[in-house]
1. Of these, V24, V36, which one is within 25 Å of L82 (Cβ to Cβ), β-branched (V, I, T) and out of contact with any Leu (no Cβ under 8 Å at 6 or more places or on another chain)?
2. Filter the stretch 42-57 for residues that are closer than 13 Å to E19 by Cα and of a type outside the set (D, E, K, R) and give the result.
3. Evaluate the following for A146: is it at pLDDT 65 or above, farther than 27 Å from T41 by Cα, not polar (S, T, N, Q) and not in a loop (DSSP other than H, G, I, E, B)?
4. Residues that are within 20 Å of the chain's Cα centre (by Cα): which helices (runs of 4 or more DSSP H) entirely in the stretch 9-98 hold 1 or more of them?
5. Among residues belonging to the stretch 36-77 that are in contact with a Gly (Cβ under 9 Å, 6 or more places away or on another chain) and charged (D, E, K, R), point out the one that is surrounded by the most Cβ atoms within 10 Å (Cβ to Cβ).
6. Considering only the stretch 11-26, I want to know if a residue exists there that is of a type in the set (D, E) and either touching a helix residue (DSSP H, G or I) at 6+ places or on another chain (Cβ under 7 Å) or surrounded by 19 or more Cβ atoms within 10 Å (Cβ to Cβ) (or both).
Amino acid sequence: MQIGEIEELYTRMPEAVREVVRRVADEFELDPLEVVSRRRTALIAGVRARVWAELYDRLGWSMNAIGKMFGRDHTSVRDALLRREQVDKGWRCPQCMQPFRRERDGDGWRPATERHDCPARTLVRYEEELARRQRIAQQQISHWQAELDMVESIRARLAEKTAERSNGR
């Protein structure tokens, strides 16, 4: 979809739907047009699923109507609502939407006690490591700057003493 098509799709939505899209997009600091777009990144798809869940559960819109408003098929809405429900039940990771492994529990299934290595958590760990390395680099720069300042002060004192000696001759 082109930007103009996305904007047209957004402006054709009823005001109540645009308000839901705006509110949920603001929670995640996204542009409402990104939520309406065809992008399928985990964050945007998750935000879009929240919008659809709110339209379906709270406002009573049908899956067909929601799909048409967003330029999608009702099965896309159904699958997103199903994934959202699985997150609520603890069967899927809320960050990356990947299903957890499940274990047999009497008559049913329950989420496995061992969680997967979530790409979202991996990204957070990477960002934390990057921030830690930046702090260390900043400390080293401060240390080197202090040493450089000390060397400069020694040079200045030596220059003063040299100037005094040459003036004294």
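1. Result: V24 is the single residue among V24, V36 that is within 25 Å of L82 (Cβ to Cβ), β-branched (V, I, T) and out of contact with any Leu (no Cβ under 8 Å at 6 or more places or on another chain).
2. Of everything in the stretch 42-57, those that are closer than 13 Å to E19 by Cα and of a type outside the set (D, E, K, R) turn out to be V51, W52, L55.
3. Spelling it out, A146 is indeed at pLDDT 65 or above, farther than 27 Å from T41 by Cα, not polar (S, T, N, Q) and not in a loop (DSSP other than H, G, I, E, B).
4. Per the criteria, 15-27, 32-36, 42-57, 74-88.
5. D73
6. As a first pass, look at the stretch 11-26 and keep what is of a type in the set (D, E): 15, 19, 26.
Still in the running and either touching a helix residue (DSSP H, G or I) at 6+ places or on another chain (Cβ under 7 Å) or surrounded by 19 or more Cβ atoms within 10 Å (Cβ to Cβ) (or both): none.
No - not one qualifying residue is present in the stretch 11-26.
Quick grid of which residues meet (1) at pLDDT 70 or above; (2) surrounded by 11 or more Cβ atoms within 10 Å (Cβ to Cβ):
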{"site": "V87", "(1), (2)": "yes, yes"}
{"site": "F100", "(1), (2)": "no, yes"}
{"site": "D105", "(1), (2)": "no, no"}
{"site": "R110", "(1), (2)": "no, yes"}
{"site": "A120", "(1), (2)": "no, yes"}
{"site": "E127", "(1), (2)": "yes, no"}
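The values are calculated or read from the model by the stated rules, or taken from the named source; none is laboratory data. Computed from a prediction, not measured in an experiment: that's the story for all the values here. Note: ideal-geometry Cβ built from the backbone for every residue, glycine included; neighbour counts use all protein chains shown.
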